[in-house]
Amino acid sequence: MLFGEEQKIVGTGDRSLHNSIPPELLERFDPVFVDYYNKYNVGRVYRNEVPIEEFRKNPAKYSPVYGRAAGPDIYRITEEKCPVKGREIGVRIFEPAPIIVDGCAKKRGAYINLHRGRWVVGSLLTDHGYCKQRVHGVQGDLEAFNWIRQEKANEFNLDPDRFAIGGPSAGGHLAAVIAHLCRDNKIPLRLQVLCVPMVDIQSAITPEGKFDWENCPYYSYREMELSAGMTTARVQYFINNSWGLPPALVFTAEMDPLRDEGEAYAEKLRQAGCEVYFTRVKAAPHSFVVLDGVLESGKRFNARVIEALKMYLA
């Protein structure tokens, strides 16, 4: 949500400029985001406008980075390799200083973060600052989740019964899936944090990879087709059973094409008896979570997630 006095929006709204904000949406965005977006994004080619191979050659060329809070100093940050089906994935571990009780390090809970990147882009750097804000973090998937619980719990003084999982965008989708798998396999999980999650791509995109204008059940895909930070074209580019799941902290962004499917999933969780804490972040783009250095909504998001992790991992 927005905080503070109403501000005049200073933006272009000129659709002749490449990837500019549509005039009809301009006044609905947080004005701070508009200023930064016009400075760093307008006129640039986005990653969905080039072949994925071209993007991977030089990600920085198509991904302007700004607005991310640096995060606090961390006691220790290390990297390890986790074996996954004949290959390895990188894992970055963020540790607070150990708490010593009677000469022994106290067991602690852990938050496992699955980075954003629409399943095909992104890396350990993608959510580095995001994880520093949360103090505990690991990036991976179900294999990495089990690897941490089974192989690394003693090494890092972790209590395997006090784990939470989460992530933004595609990471939110993966976190939701792992929450289901934990439930199915009777693996304890205290909390799932789903931020602007992409949870129902099947209903919006045809088998051919095109946006399904006629049958898509989510109005936000049409309303925010050309929104800043995420467009329907970008979603298109990257191409029930909810009882017994852990409590869910769900955030959607008002100006995000993925808004309605995230809210539908939150409601489905609630109807299935899941404890759900839901927030639609007003005037926010899809990317608000990585703009916590400049947007009040990003700062409030961090504070709420940290509050929840302290409560559920205590």
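Annotations for the structure displayed:
- Of the criteria (1) in a loop (DSSP other than H, G, I, E, B); (2) within 24 Å of HIS180 (Cβ to Cβ), which one LEU309 fails: (1)
- Candidate set from the stretch 259-314 (those that are polar (S, T, N, Q) and at pLDDT 95 or above); member that is nearest to VAL65 (Cα to Cα): SER297
- ILE93 vs. criteria within 18 Å of the chain's Cα centre (by Cα), outside any loop (DSSP other than H, G, I, E, B), closer than 19 Å to LEU249 by Cβ and at pLDDT 85 or above: no
- Criterion: in a helix (DSSP H, G or I) and among the aromatic types (Phe, Trp, Tyr) - qualifying residue of TYR265, TYR277: TYR265
- Restricting attention to the stretch 21-77 and to residues that are β-branched (Val, Ile, Thr) and farther than 30 Å from ALA97 by Cα, the residue that is surrounded by the most Cβ atoms within 10 Å (Cβ to Cβ) turns out to be ILE21.
- Residue in the stretch 179-203 that is farthest from VAL281 (Cα to Cα), counting only those that are surrounded by 24 or more Cβ atoms within 10 Å (Cβ to Cβ) and in contact with a helix residue (DSSP H, G or I) (Cβ under 8 Å, 6 or more places away or on another chain): LEU191
- Which listed residue, of GLY103, GLY43, GLY13, is touching a Leu at 6+ places or on another chain (Cβ under 7 Å), modelled with pLDDT of 80 or more and at positive phi: GLY43
- Pick from the stretch 185-210, criterion within 20 Å of ILE148 (Cα to Cα) and either in a loop (DSSP other than H, G, I, E, B) or hydroxyl-bearing (Ser, Thr, Tyr) (or both), ranking: modelled with the lowest pLDDT: ASN185
- Pair list, Cβ < 8 Å and 6+ apart or interchain, from the stretch 74-88 residues that are closer than 11 Å to TRP147 by Cβ to residues that are surrounded by 12 or more Cβ atoms within 10 Å (Cβ to Cβ) and among the acidic types (Asp, Glu): CYS82/GLU143; PRO83/GLU143; VAL84/ASP141; VAL84/GLU143
The values are calculated or read from the model by the stated rules, or taken from the named source; none is laboratory data. Quantities reported herein were computed from a predicted structural model and do not represent experimental measurements. A quick note on method: Cβ atoms are made from the backbone with ideal geometry, for glycine too, and the neighbour counts reach across all protein chains shown.
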